[in-house]
Number of protein chains: 2
Amino acid sequence: MISFETAFQKVLHFTLDWGEEKVSQLQANGRVLTEDIKADRDFPPFDRSTKDGIAINFSGIEKGLDIFKVEGILSAGMPQQSLSSDTHCFEIMTGAVLPNNADTVIMYEEIEIEAQLANISKRPKKGQNIHSKGSDEVKGAVLVEKGRIISPAIIGVLASVGKSAVRVKKLPTVCVVSTGNELVEISEQPLPHQIRKSNTFSLIAALKKVNIEPTQLHLADDRQLIENELQKALSNHDVLMLSGGVSKGKFDFIPDALEALGVEKIFHRIAQRPGKPFWFGITEKQKKVVFSFPGNPVSTFANYHVYFLPWLAKSLRIETTKQSVFLDETITPHPTLTLFLQVKTKFEKGCVIAKLIQGNGSGDLISLAKADGFIRIPAGETEFKKGSLFSFIPCT
Amino acid sequence: MISFETAFQKVLHFTLDWGEEKVSQLQANGRVLTEDIKADRDFPPFDRSTKDGIAINFSGIEKGLDIFKVEGILSAGMPQQSLSSDTHCFEIMTGAVLPNNADTVIMYEEIEIEAQLANISKRPKKGQNIHSKGSDEVKGAVLVEKGRIISPAIIGVLASVGKSAVRVKKLPTVCVVSTGNELVEISEQPLPHQIRKSNTFSLIAALKKVNIEPTQLHLADDRQLIENELQKALSNHDVLMLSGGVSKGKFDFIPDALEALGVEKIFHRIAQRPGKPFWFGITEKQKKVVFSFPGNPVSTFANYHVYFLPWLAKSLRIETTKQSVFLDETITPHPTLTLFLQVKTKFEKGCVIAKLIQGNGSGDLISLAKADGFIRIPAGETEFKKGSLFSFIPCT
């Protein structure tokens, strides 16, 4: 049995890289950029009015003019015009191109227009109300660095530079495998000794949140069948994510079957609760990784968030923020096991306070639905006073 | 011009209710439950072993026995068996049904089995290692209350009670409308006075994160065309979300066109920056809402998060957590405008610290891509010292 810290380091040691692919700009939402996004022109691409009003040449103001003759109206989307004289002005709308020979915009609120004459009530500052060409970014500048997760704001940047498709990190193909003769489908009425599948659905829903569409497989507790089916699953996927069949029970065939298929066991048991009998293995050659979680819902869900998500983030070279929270009660650690406790958090004056959810052990699916994450309690002998700080693992 | 506080209250006053619909369990991810999810049987549905080991009747221990004859092996998924005597035991696997006449499970680590005789090395406690029938929840108990957002953990609960379809709040149909003759498609090469559409793509990507698949519409700056197209859009959608065309410019036809179509203006301008010329209107009869944001990317993005998302949450009767963060620098408020400033946040010892992103005004799309939210700075005359606390509006 190894410690949580060792297990975590081992999992992060075996990250993979699935290369890159090109996806359309809207499908790129949430994916990881593998190319720098550069300005294809200056931003803004022209001197742009930021107000509705009139555009003048400031030399008119310097000459003491306060009335300007209106030459025409400029709206956004019109090609650039030229101001013929510093005694003239153009009416100009927000977003329109500043005309040649103009350098200052005065907003409607500060003028009156009558009979094509604009009368200025307040002396402007030279250059005001203009968003200058290239003042945000110059052509060729990197707007978004590769490695960033594509957010809705970045989708907007992609659009503005004409990237209707973009290169992103490929995601792993994942097969979610449930095991156990006691499991029946959702739509079935279970007999007294049976229960419906649930873990795999939670895993599938969680994987969809990181843009992975896994395939599903259910295996009965039959040693040969398990080996055959796992072999197929291994050859068709980058990651197997199993739930159940990894305890010390007589029908827990998964570890044996995986090892028979050439998956190298990295570790099996971790000094933690829940999630102790987590079997983790890899095939160095074919670059496959197997996360074989215990069958209990809380164990599977905790290990998915504690190990799989950081492993995925590191494989995709994403920097993740470490979160920590204050626990609002005193707690006694386990002498030898790292504990992952379900909590509900809330913001209180800029800080995050966690409250324990009272669960009923690792078989209790219901308490999970109330939690928004786990806190990690290091093993030890000394109690942690109310208000102690713990690492927080948010649930998806 | 009204204050941020008044505008926010007005927007939240006009929430809508789109009723409910039935969706499949996996499609329900992220949706809002409109039915209580009840236990269709006890949880767990039988006395369930939580360890691999042997099941005995404790009366044998009370009689001083430490060797039990193995009657058979019980695995998860097998119907319940009966222990024939308190001198006997069954081998039992995690998740298996406890046999009749047994009341205690001893794990393999604390026994030795030879020639079908299990030898106990450590005196057990009566009832240990059993997850009792109904101890998590009894049949009929509410497992997940209506009104909750369906998380992956709740997807697991739905599966376990046989809910392959579930009733959820209907989401509004949204039409995202861009306006402006200066806008061209992503795939086009803009002329010097043109720019590509970007706001609407950010909005579409953001809406997808709340499970809304909007339709798109682009309108040229033509008064009659705008009115005709908006009429169609209004009759086919619950929400219009526009970007651009709401300033005081001569080609800003949107407010007029909407009012001509019977949309009642609730407000037009707010004492805030960015996002001041935000036009908000409703049609009381047909229950439509129009969010008409300014054309600048930062203005649109801020107002989407500041107004639309809280409005959507309240319409769906979701409780949202208010977040607050510490700003790591001293800041001077605007004397009369509420400011929304782009920040990047990080966790530091249980608290959240925000750093300002230096943007270049409301036209700067690029700085948006670096922010993870906005902080709200109330209007006033007194500077806020470094370390002051501000409301935080996270970006999707």
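Rule-based calculations on the coordinates, nothing more; no lab input. Computed from a predicted structure; not experimentally measured. Because the Cβ atoms are built from the backbone with ideal geometry, glycine has one as well, and the counts that use them run over all protein chains shown.
Cysteines in chain A lacking any other cysteine Cβ under 4.7 Å from their own Cβ: A:C89, A:C175, A:C395. Each Lys or Arg adds one and each Asp or Glu takes one away; over the other residues whose Cβ falls under 13 Å from the Cβ of B:G262, this sums to -1. In sequence order, segment B:264-274 has phi-based couplings of 7, 6, 8, 7, 10, 10, 10, 6, 8, 9, x Hz under the Karplus curve 6.51 cos²θ - 1.76 cosθ + 1.60, θ = phi - 60°, and Gly or Pro positions carry x. When shorter helices are ignored and each DSSP H run of at least 4 residues is given -39500 (n - 2.57), the per-residue value for chain A at 222 nm works out to -5000 deg cm²/dmol. Within the protein assembly as shown, antiparallel bridges make up roughly 65 percent of the DSSP beta bridges whose residues both belong there. Taking 18 Å as the cut-off, the amide N atoms of segment A:145-184 that come nearer than this to a point 7 Å along the Cα-to-beta-carbon line of A:K139 belong to A:160-163.
Against the main long axis of the alpha-carbon atoms of chain B, helix B:4-13 sits at an angle near 60°. Rounded, prolate or oblate: which fits segment B:48-131, taking a ≥ b ≥ c as square roots of the Cα gyration tensor eigenvalues, rounded meaning a/c under 1.5, else prolate when a/b beats b/c? It comes out rounded by the Cα gyration axes.
Need one word for segment A:165-257: rounded, prolate or oblate. Basis is the Cα gyration tensor (sqrt eigenvalues a ≥ b ≥ c); a/c below 1.5 gives rounded, then a/b vs b/c decides. In terms of gyration-tensor shape, oblate.
Relative to the longest principal axis of the Cα atoms of chain A, the long axis of helix A:199-209 makes an angle of roughly 20 degrees. Model label sites at B:K385 and B:E21, defined 7 Å from Cα along the beta-carbon direction, differ in position by 5.4 nm.
Amide hydrogen proximity for B:R148: with H placed 1.01 Å from N in the peptide plane, the residues at 5 or more positions away or on another chain lying under 5 Å are B:L33. Computed over segment B:323-390, relative contact order equals 51 percent, with contacts defined as Cα pairs under 8 Å that lie 6+ residues apart.
Compared with the dominant Cα axis of chain B, that is its longest principal axis, helix B:223-236 is turned about 20°. Inter-label distance, A:I67 to A:L191: 10.0 nm, where each label sits 7 Å from its Cα along the C-beta direction.
Residues in segment A:19-24 carry Karplus couplings, in order, of x, 9, 8, 9, 10, 6 Hz; the curve used is 6.51 cos²θ - 1.76 cosθ + 1.60 with θ = phi - 60°, and Gly or Pro positions show x. For segment B:161-228 versus segment A:322-380, the inter-centroid distance based on Cα atoms is 40 Å. Under the combined filter of DSSP loop state and at most 16 neighbouring Cβ atoms within 10 Å, segment B:173-202 retains these GluC sites (Glu not before Pro): B:E185, B:E188.
Can you give the relative contact order of segment A:156-245 as a percent, counting alpha carbon pairs under 8 Å and 6+ residues apart? Relative contact order comes out at 42 percent. Taking other residues whose beta carbon is less than 13 angstrom from the beta carbon of A:R196, and scoring Lys, Arg as +1 and Asp, Glu as -1, yields -1.
As a quick test, which of the pairs A:K126/A:K146; A:K209/B:K386; A:K10/A:K169; A:K51/B:K170 have an alpha carbon distance above 28 angstrom in this structure?
A:K126/A:K146; A:K209/B:K386; A:K51/B:K170
For the pair B:E284 and B:D36, label points projected 7 Å from Cα toward Cβ lie 3.7 nm apart. Among the listed pairs A:K285/B:K344; A:K314/B:K314; B:K69/B:K133; A:K197/B:K139, a Cα-Cα separation exceeding 29 Å is found for A:K285/B:K344; A:K314/B:K314.
Among chain B residues, the beta-carbon with the smallest distance to the axis carrying B onto A is reported, with distance in whole Å, as B:C351, 2. Applying a DSSP loop filter and a limit of 13 other Cβ atoms within 10 Å to the chymotrypsin sites (Phe, Trp or Tyr not before Pro) in segment A:57-159 leaves nothing. Between the amide H of A:I113 and those of A:N119, distances stay under 5 Å, these residues lying 5 or more places away or on another chain, with hydrogens modeled in the peptide plane. Considering all alpha-carbon pairs of chain A, what whole percent are spaced by more than 36 angstrom? Percent of Cα pairs beyond 36 Å in chain A: 47.
Contact order, relative form, for chain B: 16 percent (alpha carbon pairs under 8 Å, 6 or more residues apart, mean separation divided by residue count).
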